[in-house]
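Reading through the structure tokens given below for one structure.
The values are calculated or read from the model by the stated rules, or taken from the named source; none is laboratory data. None of these values were measured; they are calculated from a predicted model. Here the Cβ is made from the backbone with ideal geometry for all residues, glycine too, and neighbour counts use every protein chain on show.
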2 protein chains.
Amino acid sequence: MGIFSSEIHTMDDLFVHQLRDIYYAENQIAKALPDMIGKATSPALKQGFETHLRETEQQIQRLRQVFDLHGVDVAGVDCPAIDGILEEADEVSGEIDDKRVLDAALIASAQAVEHYEMTRYGTLVAWAKLLGRDDCAALLQQNLQEEEATDKKLSQIALNEVNLQAV
Amino acid sequence: MGIFSSEIHTMDDLFVHQLRDIYYAENQIAKALPDMIGKATSPALKQGFETHLRETEQQIQRLRQVFDLHGVDVAGVDCPAIDGILEEADEVSGEIDDKRVLDAALIASAQAVEHYEMTRYGTLVAWAKLLGRDDCAALLQQNLQEEEATDKKLSQIALNEVNLQAV
């Protein structure tokens with residue numbers, strides 16, 4: 001959020017602003033995932049990231065539907081939060097030489113991304129319902145459930161495989 | 001994480017690095033909360049933030065215990081993720097004139113902070129156990145549970161009061 005956004009007067013303005021924030025964030029995540037796929041060594045992790053890239057592209061389409069349903073332009077706003085999370089992910093992975101330790105760090109970074117998305121979608125679902133937009137809430141809820149499932153899947157890959165090999 | 005951190009070779013290095021990341025983050029959150037308390041209008045929200053400030057100070061003390069137990073210096077590392085999340089919280093709150101809408105935005109921002117902490121503590125608990133540091137894991141688990149409880153409490157304040165007044 002920031003210089004590209006207009007002032008916020010109502011809950012509707014705040015909802016649209018937050019929608020544009022997560023739209024920007026999803027697009028940045030879609031750009032970052034190929035690099036994470038490239039860095040991952042564990043086949044399960046690599047495949048998990050590939051699946052999530054396809055899900056992210058689908059989530060962006062759902063967000064475009066939400067903009068259409070709500071009758072506002074599809075647009076992003078600057079989002080320092082996701083920029084910071086992705087910058088940190090990139091920095092820490094650049095400091096690791098051991099590929100097994102790198103896999104563990106990649107999972108931690110991806111889970112930080114998932115948690116950012118989960119909190120934003122949780123808020124957006126609540127606000128959509130409050131504004132009487134159950135149609136938008138249903139689409140946002142689908143994205144939320146996918147993020148929660150991805151977070152759980154990453155925990156399983158960490159606990160069952162990656163962390164054990166990294167130690 | 002970044003310019004202040006050394007290179008990471010082992011899971012132990014990664015654990016200490018992540019510990020320093022959340023230590024920096026908790027200290028930044030403790031600095032940001034008084035401003036959020038000042039901006040909040042709902043008495044329940046103001047009180048929730050005040051309680052969480054006291055919890056945050058206690059969490060910082062627990063992190064210092066973890067550093068001591070693990071035999072490493074208490075130190076923070078640069079954390080672009082929390083900087084970005086707090087920058088975004090500050091920017092969006094500066095764009096809102098209606099105090100009821102501002103309360104809803106403050107809750108959303110605080111939940112983004114909580115989710116960042118939850119993902120980092122979740123990772124740290126897993127890594128501490130992996131490294132045989134059940135003593136550290138127990139302290140980190142206490143912080144994790146407090147963050148989860150705060151996140152739930154914020155959702156309740158939003159659903160039961162703030163969102164209804166904001167719309």
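If you go through region B:18-34 one residue at a time, how many are more than 18 Å from B:Leu139 (Cβ to Cβ) and of a type outside the set (Gly, Ala, Ser)?
Adding up the residues that qualify gives 4.
If you go through region B:94-109 one residue at a time, do you hit one that is more than 17 Å from B:Glu161 (Cβ to Cβ), surrounded by fewer than 17 Cβ atoms within 10 Å (Cβ to Cβ) and more than 11 Å from the chain's Cα centre (by Cα)?
Yes, region B:94-109 has at least one match.
Quick check on A:Arg62: is it assigned to a helix (DSSP H, G or I) and out of contact with any Phe, Trp or Tyr (no Cβ under 9 Å at 6 or more places or on another chain)?
yes
So which residues in region B:70-82 are surrounded by 14 or more Cβ atoms within 10 Å (Cβ to Cβ) and either more than 14 Å from chain A (Cβ to nearest Cβ) or without any contact (Cβ under 8 Å) to a residue 24 or more places away in the chain (or both), if there are any at all?
Within region B:70-82, B:His70, B:Val72, B:Val74 qualify.
Suppose we keep only residues that are of a type in the set (Asp, Glu) and touching a helix residue (DSSP H, G or I) at 6+ places or on another chain (Cβ under 8 Å) within region A:47-68. Which one would you say is farthest from A:Gln145 (Cα to Cα)?
A:Glu50
Identify, from the list B:Lys153, B:Lys129, the residue that is within 11 Å of another protein chain (Cβ to nearest Cβ) and of a type in the set (Lys, Arg).
Testing whether each residue is within 11 Å of another protein chain (Cβ to nearest Cβ) and of a type in the set (Lys, Arg) leaves just B:Lys129.
Quick one: count up the residues across region B:142-158 that are of a type outside the set (A, V, I, L, M, F, W, C) and under 14 Å from B:Leu19 (Cβ atoms).
Residues flagged as of a type outside the set (A, V, I, L, M, F, W, C) and under 14 Å from B:Leu19 (Cβ atoms) within region B:142-158 amount to 1.
Filter the helices (runs of 4 or more DSSP H) completely within region A:86-167 down to those with at least 3 residues that are among the small types (Gly, Ala, Ser).
Of the helices (runs of 4 or more DSSP H) lying wholly inside region A:86-167, those with at least 3 residues that are among the small types (Gly, Ala, Ser) span A:99-130, A:134-157.
Look at region A:124-167 and say how many of its residues are basic (Lys, Arg) and either under 18 Å from the mean Cα position of the chain (by Cα) or at positive phi (or both).
2
Being within 19 Å of B:Pro80 (Cβ to Cβ) and either more than 9 Å from chain B (Cβ to nearest Cβ) or of a type in the set (A, V, I, L, M, F, W, C) (or both) is the filter here; which residues of region A:83-101 pass it?
Selection gives A:Ile85, A:Leu86, A:Ala89, A:Asp90, A:Val92, A:Ser93, A:Gly94, A:Ile96.
All but one of (1) surrounded by 23 or more Cβ atoms within 10 Å (Cβ to Cβ); (2) under 18 Å from the mean Cα position of the chain (by Cα); (3) within 14 Å of chain B (Cβ to nearest Cβ) hold for A:Leu45; which doesn't?
(3)
Can you tell me which residues in region A:111-167 are touching a helix residue (DSSP H, G or I) at 6+ places or on another chain (Cβ under 7 Å) and polar (S, T, N, Q)?
A:Gln111, A:Thr119, A:Thr123, A:Gln141, A:Gln142, A:Asn143, A:Thr150, A:Asn163, A:Gln165
Is it true that some residue in region B:16-31 is within 14 Å of chain A (Cβ to nearest Cβ), assigned to a helix (DSSP H, G or I), over 15 Å from the mean Cα position of the chain (by Cα) and of a type in the set (A, V, I, L, M, F, W, C)?
Among the residues of region B:16-31, at least one is within 14 Å of chain A (Cβ to nearest Cβ), assigned to a helix (DSSP H, G or I), over 15 Å from the mean Cα position of the chain (by Cα) and of a type in the set (A, V, I, L, M, F, W, C), which makes the answer yes.
Listed here are the residues, each with its yes/no results for (1) under 22 Å from B:Gln18 (Cα atoms); (2) modelled with pLDDT of 95 or more.
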{"site": "B:Ile82", "(1), (2)": "yes, yes"}
{"site": "B:Ile85", "(1), (2)": "yes, yes"}
{"site": "B:Gly94", "(1), (2)": "no, no"}
{"site": "B:Val101", "(1), (2)": "no, yes"}
{"site": "B:Leu106", "(1), (2)": "no, yes"}
{"site": "B:Ala110", "(1), (2)": "yes, yes"}
{"site": "B:Glu114", "(1), (2)": "yes, yes"}
{"site": "B:Met118", "(1), (2)": "yes, yes"}
{"site": "B:Gly122", "(1), (2)": "yes, yes"}
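What number of residues within region B:102-121 satisfy the criterion of being farther than 16 Å from B:Ile60 by Cα and within 7 Å of another protein chain (Cβ to nearest Cβ)?
So the answer is 7.
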